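I have placed the structure first, in the form of structure tokens, so that the comments after it can refer back to it.
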Amino acid sequence: MNIIVMGGGLVGVATAWYLLEGGHSVTLLDRAPELASEASHANGAMLHASHTEPWNTPQALGQLLRWMGREDSPLLLRPAQLPRLMGWGLGFLRYSRPHHHARNTAVNARLATYSLQRMRELEAETAIDYTQAHNGILKIFRHPEEMETARASSRLMADSGVRHETLSPAGISQREPALADIQAELAGGFFYPDDASGDARLFCQRLGEKAVERGLTLRLGESVQRLHVKAGRLRAIDTDQTTLEADAFVLATGAEAPYLARQAGLRLPIKPVKGYSATLPVGGLEAAPRLPIIDDGRKIVITRLGDQLRMAGTAEFTGYDRRIRPQRVERVLEQGLANFPALARQVDTREADQWACLRPMTIDGPPILGPSGIDGLYLNTGAGHLGWTFAAGTGRVVADMIDQRTPDIDVSGLTLERYQ
Ligand SMILES: Cc1cc2nc3c(=O)[nH]c(=O)nc-3n(C[C@H](O)[C@H](O)[C@H](O)COP(=O)(O)OP(=O)(O)OC[C@H]3O[C@@H](n4cnc5c(N)ncnc54)[C@H](O)[C@@H]3O)c2cc1C
């Protein structure tokens with residue numbers, strides 16, 4: 001088949017890779033001049049099956065109200081966005097009920113563990129270097145109550161094969177000596193030995209290069225403008241340069257997916273949730289951490305990528321505004337570095353590379369994969385805060401669906417059908 005993948009982020013590139021493996025003739029289109037230019041550019045770099053809880057936790061409403069309009073909060077809802085978020089927001093809260101949340105955590109954990117296995121295979125097959133580290137991930141807590149809530153989720157995820165160890169504050173310092181200075185502030189932590197980390201942009205671009213060697217046609221700097229659906233089938237798309245026909249199309253345009261889907265008469269329950277990252281050079285600095293760390297209370301992730309330290313976080317409901325707000329990046333840096341007082345004294349935060357982008361977040365948490373209800377149009381979007389972790393898994397699952405093969409994992413809770 002001739003297949004067009006729309007979107008050259010992690011999700012689109014991984015899907016294109018597996019479609020090529022199936023013997024298809026594949027074209028990948030992205031409006032940006034290079035792959036991984038948006039959400040996949042400078043994310044938290046964590047491949048974390050351990051962090052698969054949807055963000056609409058049973059505590060979400062209280063947190064949203066407490067933090068509304070506060071520029072220094074990890075979760076920021078701008079009151080001006082309220083009218084646009086009304087329907088989606090109510091659904092987001094409805095899915096925060098404990099039974100929905102537990103179910104969707106399990107759905108995500110199943111996909112994540114599968115995806116991390118696929119990543120290992122991809123790594124072995126392609127020998128791509130993306131500053132990966134298979135050293136596990138450490139999650140730290142300052143308050144015993146927060147740790148107890150996370151313990152319940154970790155138990156749930158353990159059913160999907162996500163192993164964890166409980167650590168005391170002293171155990172945390174042993175695992176990651178860079179945290180020794182704040183040991184007295186900590187209530188404890190969990191260590192997830194099977195998690196990994198790596199630079200998503202490097203991975204995406206290098207896998208893209210390998211895919212071109214395998215025959216991928218890459219059309220960069222070309223924007224999809226229109227989807228032509230006739231008699232219930234997607235037959236062609238207009239780009240800003242030409243019209244392209246294909247036997248099948250995959251919509252993997254991240255946070256922009258709802259906009260294009262609407263032209264085909266589909267309403268995807270996805271909203272953009274903005275996040276920030278800051279990347280600092282830390283080569284040769286002994287006080288820098290080696291292990292990837294999730295600071296649960298501050299909602300910040302900290303990941304070592306070779307000679308650099310990436311800090312990422314915050315969730316801002318601010319529509320499609322991609323601007324970098326200095327106050328928000330500074331908060332990420334300040335909160336992240338507060339875990340390493342010695343390092344904070346050594347680095348110059350003005351050297352940090354700043355980034356902001358939009359996570360494509362579904363109303364219930366898991367991504368939307370596979371048939372769209374329109375012949376010829378398949379979906380791979382909505383991975384929210386987990387698109388790096390899910391990329392290989394969702395790429396494989398969607399390629400299997402297009403090829404009419406039964407995916408290796410149960411896909412209930414992952415297709416558009418769940419909303420009907
Ligand atoms: C701050 C932050 C930290 C994160 N940390 C992690 C983490 O640690 N671990 C993890 O698993 N996930 C993390 N994520 C989530 C992850 O980065 C995203 O889920 C993932 O990058 C989404 O990939 P994507 O391919 O769906 O979207 P994108 O990477 O946004 O790709 C979509 C592509 O579509 C293109 N496009 C859009 N519209 C059009 C059009 N009309 N025509 C042509 N092309 C178009 C865009 O140019 C873009 O390249 C984080 C996200 C953020 C924001």
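The values are calculated or read from the model by the stated rules, or taken from the named source; none is laboratory data. Values in this document were obtained by computation on a predicted structure and should not be read as measured data. Glycine gets a Cβ as well: all are built from the backbone with ideal geometry, and neighbour counts include every protein chain shown. To get the accessible areas, we keep the full protein, side chains included, count just its heavy atoms, and leave off ligands, DNA and RNA. Shrake-Rupley method; radii C 1.70, N 1.55, O 1.52, S 1.80 Å.
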Completion exercise
Mean accessible area per residue over region 177-314 (1.4 angstrom probe, all protein chains present, square angstrom) is 39
Problem - Percent carbon-and-sulfur accessible area, the chain, ignoring ligands, DNA and RNA, probe 1.4 Å - result: 48
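At a 10 angstrom cut-off on C-beta neighbours, averaged per residue, how do the peptides 293-300, 90-97 rank from highest to lowest? Working shown, then result.
Details: 293-300: 21.9, 90-97: 16.4.
Descending packing order for the listed peptides: 293-300, 90-97.
Given charges of +1 on the Cβ of Lys and Arg and -1 on the Cβ of Asp and Glu, with all other atoms neutral, how large is the dipole of region 314-354 about its Cα centre, in debye to the nearest 20? Don't skip to the end; give the middle numbers.
Working: 7 positive and 7 negative charges, 20 e Å.
Rounded to the nearest 20 debye, it is 100 debye.
Do you know the relative contact order of region 308-420, to the nearest whole percent, from alpha carbon pairs under 8 angstrom that are 6+ apart?
Dividing the mean separation by the residue count of region 308-420 yields 20 percent.
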Fill in the blank from the handout: Along region 87-101, Karplus-curve 3J(HN,Hα) (6.51, -1.76, 1.60; θ = phi - 60°) to the nearest Hz, with x for Gly and Pro, reads x, 4, x, 5, x, 4, 6, 4, 6, 8, 4, x, 5, 5, 4
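Using the alpha carbon gyration tensor of the chain, what are the three equivalent-ellipsoid semi-axes (square root of 5 times each eigenvalue), largest first, in whole Å? Intermediate values should be presented prior to the final figure.
Details: eigenvalues 231, 106, 86 Å².
Output for the chain: semi-axes of 34, 23, 21 Å.
Averaged per residue, what accessible surface does region 59-165 expose to a 1.4 Å probe, in Å²? Don't skip to the answer; put the middle values down first.
Numbers: 5320 Å² over 107 residues.
Per-residue value: 50 Å².
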Completion exercise
SASA check, GLU351, accessible area w/ 1.4 Å probe, all protein chains in place, rounded to nearest 10 Å², comes out at 110
Handout entry: Theoretical gain in end-to-end length, THR126 to SER223 [0.36 nm per residue, Cα-Cα removed]
Key = 32.0 nm
Completion exercise
Filtered hits (lysines, Cα-Cα < 24 Å from LYS139, offset >= 8 within chain) -> LYS274, LYS299
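Would you mind calculating the relative contact order of the chain from Cα pairs under 8 angstrom and at least 6 residues apart, reporting the percent as a whole number? Please report the intermediate quantities before stating the final value.
On the way: 941 pairs, mean separation 109.2, N = 420.
With pairs under 8 Å counted, the relative contact order is 26 percent.
Rounded, prolate or oblate: which fits region 288-328 when a ≥ b ≥ c are the square roots of the eigenvalues of the alpha-carbon gyration tensor, with rounded for a/c under 1.5 and prolate only if a/b beats b/c? If you can, show how the numbers build up before the last one.
On the way: a/c = 3.11, a/b = 1.84, b/c = 1.69.
Prolate, because a/c is 1.5 or more and a/b exceeds b/c.
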